Amino acid sequence: MILITGAAGVCGEILQEEFPRARYTDASDFILLSSSSEKYVGDLSCKKFRKLVLGGVKILIHLAGASKTNSSWEDVYKNNIEVCSGLFLDAVSEGVEKIIFASSNHVVGQFELKNSPDIYFEDVGVSLKGLEQPCPDSYYGVSKSFGESLLSYLSFEFGIQSIGLRIGAVLPKSEDRDTAYAERYTKDTECPSSNRIRELEKRLSCLRVSNDRWRAGIRSLIESEWKGYVTKNWVGDGYSWMENEVNA
């Protein structure tokens, strides 16, 4: 059995189309797309609920938690540290064999902030290799770095397979294109700058994981085998300052 948390979010909703027989959970109500899927609505901060949804699960795909880069420390501490650690520890005790964790490019976000906007353009030659030390740009990035570290330890101590995916951006189906950020900016700005539009288009091109690549990549990871814990960047399939390491 596959358990996917964060079912009401963009990434979880997309995966429903790919895995119609999985178990889905979220704190908010959501529409289940397949009658063959299992639906659980509840609070993952509750140990009893965690034990319920983890029963019989062999693969955990953890997408839930505070997802905004400007989230407060209180928000990320509760949802991305306390809940995440409780879920991972219970997953190990319940016999889960593989954990796929939605981490973020914001774990190394300082690198982008220090080098933008030049970093968005290939001819500048500024790049970040996947094994760079964490340099988070926000409390959100800090909390995702914590999740990676905890999984690394759990894999070492208990022998589970796990992966931290430093994801760039996955957008709703209606915005699944490289121009989406620029379109938002143009809509919300009275006198948009052509230079800013170009920067936003290039940035999203560097980061965007299309809906099709998201579905195919997660399936590939479910079907793949590796030893212990790994961290992989998952960003645009063209040029990016972060080397794309998930093939889909």
When residues of segment 229-248 are limited to those that are farther than 26 Å from F88 by Cβ and in contact (Cβ under 8 Å) with a residue 40 or more places away in the chain, the one surrounded by the most Cβ atoms within 10 Å (Cβ to Cβ):
W241
State whether one or more residues within segment 180-196 are closer than 21 Å to S104 by Cα, of a type in the set (D, E, K, R) and free of Cβ contacts under 8 Å to residues at least 40 places away in the same chain.
no
Kindly indicate whether any position in segment 183-192 is exposed (fewer than 14 other Cβ atoms within 10 Å of the Cβ), over 27 Å from E13 (Cα atoms) and modelled with pLDDT of 90 or more.
no
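Is it true that C206 is among the hydrophobic types (A, V, I, L, M, F, W, C) and free of Cβ contacts under 8 Å to residues at least 24 places away in the same chain?
Values: among the hydrophobic types (A, V, I, L, M, F, W, C): yes; free of Cβ contacts under 8 Å to residues at least 24 places away in the same chain: no.
No, not satisfied.
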Which residue out of D123, D178 is farther than 21 Å from V230 by Cα, surrounded by fewer than 22 Cβ atoms within 10 Å (Cβ to Cβ) and in contact with a Lys or Arg (Cβ under 7 Å, 6 or more places away or on another chain)?
D178
I'd like to know if segment 167-174 contains one or more residues that are surrounded by fewer than 22 Cβ atoms within 10 Å (Cβ to Cβ), over 17 Å from the mean Cα position of the chain (by Cα) and not β-branched (V, I, T).
yes
Of S162, S205, the only residue that is closer than 18 Å to E245 by Cβ, surrounded by 15 or more Cβ atoms within 10 Å (Cβ to Cβ), modelled with pLDDT of 95 or more and of a type in the set (S, T, N, Q) is S162
Go over the candidates D90, D118, D75 one by one and state the one that is farther than 30 Å from A22 by Cβ and either charged (D, E, K, R) or touching a residue at least 60 places away in the same chain (Cβ under 8 Å) (or both).
D118
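Would you call V96 surrounded by 21 or more Cβ atoms within 10 Å (Cβ to Cβ), of a type in the set (A, V, I, L, M) and in contact (Cβ under 8 Å) with a residue 40 or more places away in the chain?
Here the answer is yes, as V96 does meet what is asked.
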Pair list, Cβ < 9 Å and 6+ apart or interchain, from segment 44-55 residues that are more than 20 Å from D29 (Cβ to Cβ) to residues that are part of a helix (DSSP H, G or I) and among the hydroxyl-bearing types (S, T, Y)
K51/S93; L54/S93
Which residue, of A22, A102, A27, is surrounded by 15 or more Cβ atoms within 10 Å (Cβ to Cβ) and within 14 Å of the chain's Cα centre (by Cα)?
A102
Right, D90: more than 27 Å from W73 (Cβ to Cβ) and either of a type outside the set (D, E, K, R) or out of contact with any strand residue (DSSP E or B) (no Cβ under 8 Å at 6 or more places or on another chain) (or both) or not?
no
If you go through segment 135-147 one residue at a time, how many are buried (at least 21 other Cβ atoms within 10 Å of the Cβ) and not hydroxyl-bearing (S, T, Y)?
3
Options E74, E82, E97: the member that is within 19 Å of Y229 (Cα to Cα) and of a type in the set (D, E, K, R):
E97
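The values are calculated or read from the model by the stated rules, or taken from the named source; none is laboratory data. If you're wondering where the values come from, they're calculated on a predicted model, not measured in any experiment. Neighbour counts run over all protein chains shown; Cβ positions are idealised from the backbone, glycine included.
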